[in-house]
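K.L.:
I'd like to ask you about the structure that follows.
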Amino acid sequence: EVTQKGISPEAFRLHVLESHYRSQSKFSWDSLQAAQNRLNDLGAMAALRWQTIPSTTEQGELSIAEVSPKIINLLADDLNTPQIVTLLSQLSNQLQSTFIANEQQEEFNIMLADIDTYLGLNLASIKDIDEAAKSNIQQREIAREAQDWSKSDEIRENLLKQGIGLRDTPQGAIWFPA
């Protein structure tokens, strides 16, 4: 029934992790949909590994290298999974605004693998898009620069039909699994 409503097993797992194991989880379809939305956001963060930038001068509160040790410490602290979920949300918000520099890509991949090992969210399994989709994103950027909004919207809709969402940033369009 959960998967028939468009909720992935990983989202259900994330929903369970949002509550401490000693407290009763409050199940509702709305809370399960919220967990799916959170997982989608984490998937958008994971897709950044395919879209690194040459360098970043912005530093957030969390360093990529600090994430795995923090998760281990929170697991050792009476399986504090709700705090881990909060940590991952903060990390996602930070990285989607500061991005990942080329030199951070390997460290980021290791962090994603660790998150999957500890929590089973399958974030590292998000694949890169194909060259045709990348070309479409570039064509959309050209259309946006020319203020051809109808062509830009058409390309965005075509990408969305392929399961590729776009978010416009000062560095250009960033894709995410949709």
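The values are calculated or read from the model by the stated rules, or taken from the named source; none is laboratory data. Bear in mind that the values here come from a model prediction, so they are computed numbers and not experimental data. Every residue, glycine among them, receives a Cβ derived from its backbone with ideal geometry; neighbour counts consider all protein chains shown. All accessible areas refer to the heavy atoms of the entire protein, side chains included, with ligands and DNA or RNA removed. Shrake-Rupley method; radii C 1.70, N 1.55, O 1.52, S 1.80 Å.
K.L.:
Using 20 Å as the cut-off for backbone N distance, which residues of segment 101-121 belong to the label zone defined by a point 7 Å from the Cα of Thr3 along Cα→Cβ?
P.N.:
Backbone N within reach: 120-121.
K.L.:
Are there any GluC sites (Glu not before Pro) in segment 1-73 that are in a DSSP loop and have at most 15 other Cβ atoms within 10 Å? List them by number.
P.N.:
Sparse-neighbourhood loop GluC sites (Glu not before Pro): Glu1, Glu58, Glu61.
K.L.:
With the other protein chains left in place, how much accessible area per residue, in square angstrom, belongs to the chain at a 1.4 angstrom probe?
P.N.:
Values: 9980 Å² over 178 residues.
It amounts to 56 Å² per residue over the chain.
K.L.:
State the Kirkwood hydrodynamic radius of the chain in Å, one decimal place, computed from all pairs of distinct Cα atoms.
P.N.:
After inverting the mean inverse Cα-Cα distance, the result is 17.6 Å.
K.L.:
A further question follows. Calculate the dipole size of the chain relative to its Cα centre from +1 charges on Lys and Arg beta carbons and -1 charges on Asp and Glu beta carbons; express the result in debye to the nearest 20.
P.N.:
For the chain, the charge dipole is close to 460 debye.
K.L.:
Separate question: Using only the Cα atoms of segment 103-153, construct the convex hull and provide its projected area averaged over every direction, in square nanometres to one decimal. Mind dumping the intermediate values first?
P.N.:
On the way: hull surface 20.9 nm².
Average of the hull's projected areas for segment 103-153 equals 5.2 nm².
K.L.:
Above 12 angstrom, tally the Cα pairs of segment 138-178 and express them as a % of all pairs, no decimals. Can you show the working numbers first?
P.N.:
On the way: 462 of 820 pairs.
That tail contains 56 percent of the Cα-Cα pairs.
K.L.:
For segment 5-76, build the convex hull from the C-alpha positions and give me its volume per residue in Å³.
P.N.:
Working: hull volume 9.0 nm³, N = 72.
Roughly 126 Å³ of hull volume per residue.
K.L.:
What do you reckon, how do Ile126, Ile84 stack up by accessible area (1.4 Å probe), largest on top? Could you put the intermediate results ahead of the total?
P.N.:
Numbers: Ile126 30, Ile84 0 Å².
Reading off the accessible areas and sorting them downward yields Ile126, Ile84.
K.L.:
At 1.4 Å probe size, with no ligands or nucleic acids counted, give the accessible surface of Val67 in Å², nearest ten.
P.N.:
In the full protein context, Val67 sits at about 0 Å².
K.L.:
So if I restrict to the alpha-carbon atoms in segment 28-128, what is the Rg, and what is Dmax, the biggest pairwise distance, in Å?
P.N.:
Expressed in Å, the Cα Rg and Dmax of segment 28-128 come to 13.4, 43.
K.L.:
Under the rule of -39500 (n - 2.57) per DSSP H run of 4 or more residues, summed and divided by the residues of the chain, what mean residue ellipticity at 222 nm is obtained, to the nearest 500 deg cm²/dmol? Don't skip to the end; give the middle numbers.
P.N.:
On the way: 7 runs with 102 residues, N = 178.
My calculation for the chain gives -18500 deg cm²/dmol from helical runs alone.
K.L.:
Scan the chain and hand back the longest stretch that contains none of the chymotrypsin sites (Phe, Trp or Tyr not before Pro) lying in DSSP loops with at most 15 other Cβ atoms within 10 Å.
P.N.:
Working: sites that count: Tyr21, Phe27.
Longest site-free region, per DSSP loop and neighbour criteria: 28-178.
K.L.:
Further, regarding this structure: So, in Å, what gap is there between the alpha-carbon centers of segment 112-178 and segment 1-49?
P.N.:
Taking the Cα centre of segment 1-49 as reference, the centre of segment 112-178 is 22 Å away.
K.L.:
Shifting gears a bit: Subtracting the Cα-Cα distance from 0.36 nm times the residue separation, let me have the gained length for Ser31 to Gln162 in nm, one decimal. Numbers along the way, then the final one.
P.N.:
Working: separation 131, 0.36 × 131 = 47.16 nm, distance 2.71 nm.
Between Ser31 and Gln162, full extension yields an extra 44.5 nm.
K.L.:
Now for a different question. Heavy atoms only, probe 1.4 Å: what % of the accessible area of the chain goes to carbon and sulfur, would you let me know? Can you show the working numbers first?
P.N.:
On the way: 4850 of 9980 Å².
Solvent-exposed carbon and sulfur of the chain make up 49 percent of the total.
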